[in-house]
Amino acid sequence: MKSKNSLIVLGVVFAVICVICIFLAVFFEKETNIPNPSVSTDFSATKASEAFSESIKYESPIDFASIKKESPDVFAWLNINGTDIDYPVAFHEGDNSYYLRRDIYGNYDRNGTLFIEDYNKTDFNDPVTIIYGHHMSSGAMFGKLQEIYTNPETFLKFNKITVYLPENELVYRVFCAVPLDNSHILYYHNFNNKLIFEEYFKEIYSTRSLIAVFDETVSITPDDRVLMLSTCFESDYSRRYVVMAVCEEDI
């Protein structure tokens, strides 16, 4: 009888030991599945992010590669949706007046080409970038600019300007259109100086002219990027007519 009881006790002890072993095995298996905090787990997330970025890489609607084969000076494209203003923009290093009477291929053309000067960089990251174009009586280039923006109704209707670049596009909102004298804006104003920037646009907003139009809902700060479209003032070529817009989107 005593021997039988001993066997029972041994059986119970053995069963308990088995249960403990099973418990420890399960516990350590779970422990090994816990991520090691010293090992980065961001690798897959980074790869996924990079793959997503690649999948949404910007593709310009303008075929700059083809254009540059014959017109290497073209670096941007300006469009005001709903109007005829839809042109390439060029820059010719060493000669700011090169495109006054030339097309994008360098041939003589009285319409000229829309262009910037060497006061600006071609990435439109300057505080103020100015695109110049002729006021043509045919309506070509900036020939319709004054007609569109002296009318408060069409001023608001066409208040979005898009600049296409090879790697991105910029969307601007027009905030004023004013007649100015013929002084060179970028030569006389260093807009990298925030005080000069603020004072200049404060003066612009104080312009008194029957044909000056403003969008008072738009505020301009020295941290903004402003685009100016500059052309001759109709019937008085000793003055300029300038449309100003602030960058709202960089796509």
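Find, among the GluC sites (Glu not before Pro) in region 104-209, those assigned to loop by DSSP (not H, G, I, E, B) with at most 11 other beta-carbon atoms within 10 angstrom.
For GluC sites (Glu not before Pro) across region 104-209 that sit outside H, G, I, E and B with at most 11 neighbouring Cβ atoms in 10 Å, the list reads Glu167.
What nm value, rounded to one decimal, do you get for the distance between Asp84 and Asp103 when each label is placed 7 Å out toward the C-beta?
1.6
Given an 8 Å cut-off on Cα distances and at least 6 residues of separation, report the relative contact order of region 68-250 as a percent.
22
With θ set to phi - 60°, apply the Karplus curve 6.51 cos²θ - 1.76 cosθ + 1.60 along region 127-144 and write out the HN-Hα couplings as whole Hz, x wherever there is a Gly or Pro.
Using θ = phi - 60°, the values come out as x, 9, 10, 10, 9, 9, x, 6, 8, 8, 5, 6, x, 5, 6, 9, x, 9 Hz.
Could you compute the net charge surrounding Tyr241? Neighbours are other residues with a C-beta less than 14 Å from the C-beta of Tyr241; K and R count +1, D and E count -1.
Its environment carries a net charge of -1.
Using a Förster distance of 35 angstrom, determine the FRET efficiency expected from the C-beta separation of Arg110 and Ser209, and round it to 0.05. Don't skip to the answer; put the middle values down first.
Numbers: r = 29 Å, r/R0 = 0.83.
Using R0 = 35 Å, I get an efficiency of 0.75.
For every other residue with a beta carbon closer than 11 angstrom to the beta carbon of Glu169, add +1 if it is Lys or Arg and -1 if Asp or Glu, then tell me the sum.
-4
Could you compute the net charge surrounding Val213? Neighbours are other residues with a C-beta less than 14 Å from the C-beta of Val213; K and R count +1, D and E count -1.
Surrounding charge for Val213 is -1.
Name the shape class, rounded, prolate or oblate, that the alpha-carbon gyration tensor gives for region 68-250, where a ≥ b ≥ c are the square roots of its eigenvalues, rounded holds for a/c under 1.5, and otherwise prolate holds if a/b is larger than b/c and oblate otherwise.
Here region 68-250 falls in the rounded category.
Simple spin-label model, 7 Å along Cα-to-Cβ: Arg173 to Glu216 in nm?
With each label point 7 Å from Cα toward Cβ, the separation is 1.6 nm.
The numbers here are math on the coordinates, done by the rules we state, and not lab data. Computed from a prediction, not measured in an experiment: that's the story for all the values here. Neighbour counts are summed over all protein chains in view; Cβ atoms, including those assigned to glycine, are modelled from backbone coordinates with ideal geometry.
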